[in-house]
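Take a look at the structure set out below.
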Amino acid sequence: MSTIAILFAVPLFAAPVPPTKGEDPVVPSAVKLLQHRKVQKELKMTAEQRIVVLDGLADLEEEHEKKIEQLSRSPNVAEDAYEKLDKERKKGIDRLLTDTVAKSLTSAQRKRLAQLDRRVQGIGAFGDPRVQGVLQLTDAQKKKAAELVERQKGELNRYFENAGNEDDVKRKADLIAFRKDVLKQMEDALTADQKTGWAVLLGDAVTGLAPDDLWLRIEDEMDLTLPGLGK
């Protein structure tokens, strides 16, 4: 059975089922998507599943605020104390979401979450070794994907460097158009079989969220330092 055929053959379960030995793990970027309401709706998460996430996030935020308050009353606070608390909070969120994906989602929901992540990642998804393996990308195709990713990073960098200008709406539209264009360039470089495989990896079109907008929102919120951003 081909790799692409295996993707079609993943069974659907009606109840939460822990990942099986043959099931691909959900990558961290996909796990983080679970905190977004529209992603939860796209996954058709039950009220019980969503409350696990919502209550868990609320508990973590409440605990974080308590620690911030305690720290503010402490004398001689270390320079990096608040930064450490923020990192601790983020690690807690990652653990919560990872556990939720593994223990609360069905196999079908995990598969769909991975598909949504690829749609949000756009050209970046072609840097995923699993995607490269499934599509059997050539070295030339991998190189092209890497170059397109770098070009997109450059455009994203320029967008954030000039945030707050009067033409932000137009600049956002231009950035999204650029993102679509680099993805199309990569898709055009695929063979017919690879295009079929890519379509399978993306799954059905989304209806309740805009992957491009979610991508930009996540990039804006990331606590990562991009060249020239000084974030």
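The values are calculated or read from the model by the stated rules, or taken from the named source; none is laboratory data. None of the values given here were measured: they were computed from a predicted structure. A quick note on method: Cβ atoms are made from the backbone with ideal geometry, for glycine too, and the neighbour counts reach across all protein chains shown. Heads up: the accessible areas ignore ligands, DNA and RNA and are worked out on the full protein's heavy atoms, side chains in. Shrake-Rupley method; radii C 1.70, N 1.55, O 1.52, S 1.80 Å.
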Result of the Cβ filter at 8 Å on the range 50-76, keeping first residues that are under 18 Å from THR98 (Cβ atoms) and partners that are of a type in the set (Ser, Thr, Tyr) and in a loop (DSSP other than H, G, I, E, B), at least 6 apart or interchain, is VAL52/SER104
A careful count of residues in the range 157-205 that are free of Cβ contacts under 8 Å to residues at least 40 places away in the same chain, among the aromatic types (Phe, Trp, Tyr) and farther than 30 Å from VAL134 by Cα gives 1
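For every residue, the table says whether it meets (1) among the acidic types (Asp, Glu); (2) in contact with an Asp or Glu (Cβ under 7 Å, 6 or more places away or on another chain); (3) at pLDDT 95 or above.
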residue	(1), (2), (3)
ASN162	no, no, no
LYS172	no, no, no
ALA192	no, no, yes
LEU202	no, no, yes
ASP212	yes, no, yes
ASP220	yes, no, no
Exception for LYS44 within (1) in contact (Cβ under 8 Å) with a residue 12 or more places away in the chain; (2) in a helix (DSSP H, G or I) falls at (2)
Of (1) of a type in the set (Lys, Arg); (2) within 30 Å of LYS87 (Cα to Cα); (3) over 16 Å from the mean Cα position of the chain (by Cα), ARG217 satisfies every one except (3)
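Can you go through LEU183, LEU156 and tell me which one is surrounded by 16 or more Cβ atoms within 10 Å (Cβ to Cβ), in contact with a Gly (Cβ under 7 Å, 6 or more places away or on another chain) and not in a loop (DSSP other than H, G, I, E, B)?
LEU183 is the lone residue from the list that is surrounded by 16 or more Cβ atoms within 10 Å (Cβ to Cβ), in contact with a Gly (Cβ under 7 Å, 6 or more places away or on another chain) and not in a loop (DSSP other than H, G, I, E, B).
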Taking the range 52-86 and keeping residues of a type in the set (A, V, I, L, M) and either over 28 Å from ARG37 (Cβ atoms) or open to solvent by 80 Å² or more (accessible area, probe 1.4 Å) (or both) leaves LEU54, LEU71, VAL77, ALA78, ALA81
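Residue by residue, here is whether (1) hydroxyl-bearing (Ser, Thr, Tyr); (2) open to solvent by 70 Å² or more (accessible area, probe 1.4 Å); (3) at pLDDT 60 or above; (4) over 30 Å from GLN136 (Cβ atoms) holds:
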site: THR3; (1), (2), (3), (4): yes, no, no, no
site: LEU7; (1), (2), (3), (4): no, no, no, no
site: GLU23; (1), (2), (3), (4): no, no, yes, no
site: SER29; (1), (2), (3), (4): yes, no, yes, no
site: GLN35; (1), (2), (3), (4): no, yes, yes, yes
Exactly one of LEU113, LEU54, LEU105, LEU96 is assigned to a loop (DSSP other than H, G, I, E, B) and either under 28 Å from GLY154 (Cβ atoms) or under 21 Å from the mean Cα position of the chain (by Cα) (or both), and that residue is LEU105
Is it the case, given these coordinates, that LYS143 is modelled with pLDDT under 95 and either in a helix (DSSP H, G or I) or farther than 30 Å from GLU83 by Cα (or both)? no
Result of the Cβ filter at 6 Å on the range 122-136, keeping first residues that are in contact (Cβ under 8 Å) with a residue 24 or more places away in the chain and partners that are among the charged types (D, E, K, R) and buried (at least 18 other Cβ atoms within 10 Å of the Cβ), at least 6 apart or interchain, is GLY122/ARG179; ALA125/ARG118
In the range 190-201, residues that are open to solvent by 40 Å² or more (accessible area, probe 1.4 Å) and closer than 23 Å to LYS153 by Cα total 0
Within the range 96-140, residues more than 30 Å from ASP59 (Cα to Cα), open to solvent by 50 Å² or more (accessible area, probe 1.4 Å) and either β-branched (Val, Ile, Thr) or touching a Lys or Arg at 6+ places or on another chain (Cβ under 7 Å) (or both) come out as THR138
Tell me yes or no: at least one residue of the range 159-171 is open to solvent by less than 50 Å² (accessible area, probe 1.4 Å) and within 27 Å of LYS44 (Cα to Cα).
no
